[in-house]
Amino acid sequence: MSDDPNDGSRPRLKRDFNPVPGLAAVALFAVLALVFLQASFGEAQGFEQGASITASIGYAMFNIDAGAISGAVVSGEGFVVAFVLIAVALDVAIDGAVFLAKSEDEEGGIGAVLTDGGREIREKLRGGDD
Amino acid sequence: MFAPPEAYLVLSAAVFCIGVFGLLTRKNALLFLMSVELMLNAANINLVAFSFYWGNVTGQTFSLFTMALAAAEVAIGIGIILVLYRNFKDIDVTEATTMRW
């Protein structure tokens, strides 16, 4: 970061880091790219002509039988169990996030969020009368 | 229209290695979260590319679930960073070397 105070506060690329551990990442990329470029894959199969991918994802996500739908559908496995599991995981995650974000001195602390529009503090300062 | 699968693999390897680079060189916990997110998205690129390669929509559907899982991970991660800041007045990951304070 620049120390010049007149340089404004625009974002800058961080340059003062130790680049030696980063070389491991670069080496990993070199190895991966070498392996991938030497592998032979052949021609991609591709999706069915005229099939709606969005609709197909919807059918796959909720285990809807593609045979019952008119029009071209790209086949896929059913994912409704995974859908419910992910829903539960997201629910647990938001509960965990709220639990972690809650401060220990929740009630009446200086850092507590003013959910009453500051009425409590005002009454404390003025003695209650308006 | 569709580039060869190698191109997608190299792109995904590049994104993944940028994530690894960030994890290895940064100390800020928020940048750690961003790096992990890059690595997860590298996996998503592979899933979508091979979904087209096999002509099957399973990979694309699964990548949606991966994104949802990444969102859950970030929610917890930001909660942990909040606690880290509250206890150490900093989000430098090298500061928090003990489990107790």
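When the residues of the range A:50-87 are filtered to those that are among the β-branched types (Val, Ile, Thr) and surrounded by 12 or more Cβ atoms within 10 Å (Cβ to Cβ), the one that is farthest from the chain's Cα centre (by Cα) is A:ILE69.
Scanning the range A:80-96 for residues that are within 7 Å of chain B (Cβ to nearest Cβ) and either in contact (Cβ under 8 Å) with a residue 24 or more places away in the chain or touching a Phe, Trp or Tyr at 6+ places or on another chain (Cβ under 7 Å) (or both) turns up A:ALA82, A:ILE86.
Scanning the range B:45-101 for residues that are over 16 Å from the mean Cα position of the chain (by Cα), polar (S, T, N, Q) and within 22 Å of B:ALA7 (Cα to Cα) yields B:SER51, B:ASN56, B:THR58, B:GLN60, B:THR61.
Name the residue that is nearest to A:ALA33 (Cα to Cα), counting only residues in the range B:58-86 that are in contact with a Phe, Trp or Tyr (Cβ under 8 Å, 6 or more places away or on another chain) and of a type in the set (A, V, I, L, M, F, W, C). Here the residue is B:PHE62.
Each residue in the range A:50-59 was checked for being in a helix (DSSP H, G or I) and of a type in the set (Gly, Ala, Ser), and 3 pass. Answer with yes or no whether A:PHE79 is modelled with pLDDT under 90 and of a type in the set (Phe, Trp, Tyr). No.
Only one entry of B:THR61, B:THR98, B:THR25 meets the criterion of being over 30 Å from A:THR54 (Cα atoms), free of Cβ contacts under 8 Å to residues at least 24 places away in the same chain, of a type outside the set (A, V, I, L, M, F, W, C) and crowded, with 17+ Cβ neighbours inside 10 Å, and that entry is B:THR25. The conditions of being within 26 Å of B:CYS17 (Cα to Cα) and at the interface with another protein chain (Cβ under 7 Å from one of its Cβ atoms) are not met by A:PHE47.
Please verify whether B:PHE2 is part of a loop (DSSP other than H, G, I, E, B), in contact with a helix residue (DSSP H, G or I) (Cβ under 9 Å, 6 or more places away or on another chain) and facing chain A (nearest Cβ under 9 Å), treating the condition exactly as stated. Yes; evaluated as a whole, the condition is true for this residue. Among the residues making up the range A:27-49, those that are assigned to a helix (DSSP H, G or I) and surrounded by 15 or more Cβ atoms within 10 Å (Cβ to Cβ) are A:LEU28, A:PHE29, A:LEU32, A:ALA33, A:PHE36.
Is one or more of the residues making up the range B:32-40 acidic (Asp, Glu) and either within 30 Å of A:GLU43 (Cβ to Cβ) or at the interface with chain A (Cβ under 9 Å from one of its Cβ atoms) (or both)? The answer is no; no qualifying residue exists. For B:LEU82, state whether it is of a type in the set (A, V, I, L, M, F, W, C), within 30 Å of A:SER103 (Cα to Cα) and facing another protein chain (nearest Cβ under 9 Å). Yes; evaluated as a whole, the condition is true for this residue. Return yes or no: is B:THR66 within 9 Å of another protein chain (Cβ to nearest Cβ) and over 27 Å from A:ARG15 (Cβ atoms)? When the stated conditions are applied, B:THR66 does not pass them.
Checking the structure you have, find out if any residue of the range A:6-19 is closer than 28 Å to B:TYR8 by Cα, modelled with pLDDT of 80 or more and either surrounded by 10 or more Cβ atoms within 10 Å (Cβ to Cβ) or facing another protein chain (nearest Cβ under 10 Å) (or both). There is at least one residue in the range A:6-19 that is closer than 28 Å to B:TYR8 by Cα, modelled with pLDDT of 80 or more and either surrounded by 10 or more Cβ atoms within 10 Å (Cβ to Cβ) or facing another protein chain (nearest Cβ under 10 Å) (or both).
The values are calculated or read from the model by the stated rules, or taken from the named source; none is laboratory data. Given the structure is predicted, the values throughout are model-derived calculations rather than measurements. Methodologically, a virtual Cβ is constructed for each residue, glycine included, from the backbone with ideal geometry; neighbour enumeration extends over all protein chains shown.
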